[in-house]
1. Tell me, please, whether a residue that is of a type in the set (Gly, Ala, Ser), farther than 24 Å from LEU158 by Cα, crowded, with 22+ Cβ neighbours inside 10 Å and free of Cβ contacts under 8 Å to residues at least 60 places away in the same chain can be found in the stretch 23-37.
2. For ALA123, are the conditions met, namely being surrounded by fewer than 20 Cβ atoms within 10 Å (Cβ to Cβ) and touching a residue at least 24 places away in the same chain (Cβ under 8 Å)?
3. Quick test for you: out of GLY52, GLY87, GLY109, GLY74, pick the one residue that is open to solvent by less than 40 Å² (accessible area, probe 1.4 Å) and either modelled with pLDDT under 95 or more than 26 Å from GLY137 (Cβ to Cβ) (or both).
4. What are the pairs, 6+ residues apart or on separate chains, where a residue within the stretch 79-96 that is of a type in the set (S, T, N, Q) has its Cβ under 6 Å from a residue that is part of a loop (DSSP other than H, G, I, E, B)?
5. Of all the helices (runs of 4 or more DSSP H) wholly in the stretch 78-165, which have at least 2 residues that are basic (Lys, Arg)?
6. Which members of the stretch 126-142 meet the condition of being crowded, with 21+ Cβ neighbours inside 10 Å and among the hydrophobic types (A, V, I, L, M, F, W, C)?
7. Can you tell me which residue is nearest to ALA95 (Cα to Cα) among those in the stretch 143-163 that are open to solvent by 60 Å² or more (accessible area, probe 1.4 Å) and in contact (Cβ under 8 Å) with a residue 40 or more places away in the chain?
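The values are calculated or read from the model by the stated rules, or taken from the named source; none is laboratory data. Just so it is clear, the structure is predicted and the values come from calculations on it, not from any experiment. Cβ: placed from backbone, ideal geometry, glycine included. Neighbour counts: every protein chain shown. Note: areas computed on protein heavy atoms with side chains; ligands, DNA, RNA excluded. Shrake-Rupley method; radii C 1.70, N 1.55, O 1.52, S 1.80 Å.
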Amino acid sequence: MTTSPEPGFAFLVRHPAHFIAFGFGAGLSPRAPGTVGTLVALPLYALLIAAGLTALQIAWLCAPLFALGCWASGVACRSLGVHDHGGIVIDEIVAMLAVLAFAPPSLAGWALAFALFRLFDIAKPWPIRLFDERVHGGFGVMLDDALAALFAVIVLDLAAGLLPL
């Protein structure tokens with residue numbers, strides 16, 4: 001079992017789960033890997049829309065991606081010997097894809113979606129922090145971000161009636 005707190009390219013390509021968990025390399029960012037991982041979701045979402053998927057289809061796609069993220073995060077955490085390494089960003093990518101599926105389809109809507117998700121992901125208000133502390137493994141890694149996404153979607157829905165997005 002590797003216990004390196006700072007995995008690099010060799011770790012990333014050692015196992016497909018590492019590559020997925022680290023967001024195709026975004027998680028290797030030396031600064032704010034969670035934010036970098038969240039940013040990966042924006043062009044990915046745009047690509048999915050350009051490929052002809054609807055927002056609803058992308059929202060449904062997040063369920064199998066969540067399961068894939070649970071597996072990949074679990075493998076990466078075990079390989080690193082940690083509960084949740086900061087470089088594991090598949091949770092941010094999948095959660096942000098879900099938020100974007102419910103965001104107004106505009107630059108302002110996407111910017112607000114990004115800001116709200118990062119706010120809830122970083123601040124981890126109750127009960128997000130509770131789940132983050134008590135649920136471990138790949139499911140735990142993915143769960144707190146899914147909850148942060150839910151909080152962001154609720155606020156986006158409330159804001160949609162108040163702001164010209």
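1. So far as the stretch 23-37 goes, yes, one or more of its residues are of a type in the set (Gly, Ala, Ser), farther than 24 Å from LEU158 by Cα, crowded, with 22+ Cβ neighbours inside 10 Å and free of Cβ contacts under 8 Å to residues at least 60 places away in the same chain.
2. For ALA123, the condition - surrounded by fewer than 20 Cβ atoms within 10 Å (Cβ to Cβ) and touching a residue at least 24 places away in the same chain (Cβ under 8 Å) - is not met.
3. Among GLY52, GLY87, GLY109, GLY74, only GLY109 is open to solvent by less than 40 Å² (accessible area, probe 1.4 Å) and either modelled with pLDDT under 95 or more than 26 Å from GLY137 (Cβ to Cβ) (or both).
4. Going by the 6 Å Cβ cut-off, the qualifying pairs are SER79/THR2.
5. Fully inside the stretch 78-165 and qualifying: 128-134.
6. Result: VAL141, MET142.
7. Result: ASP157.
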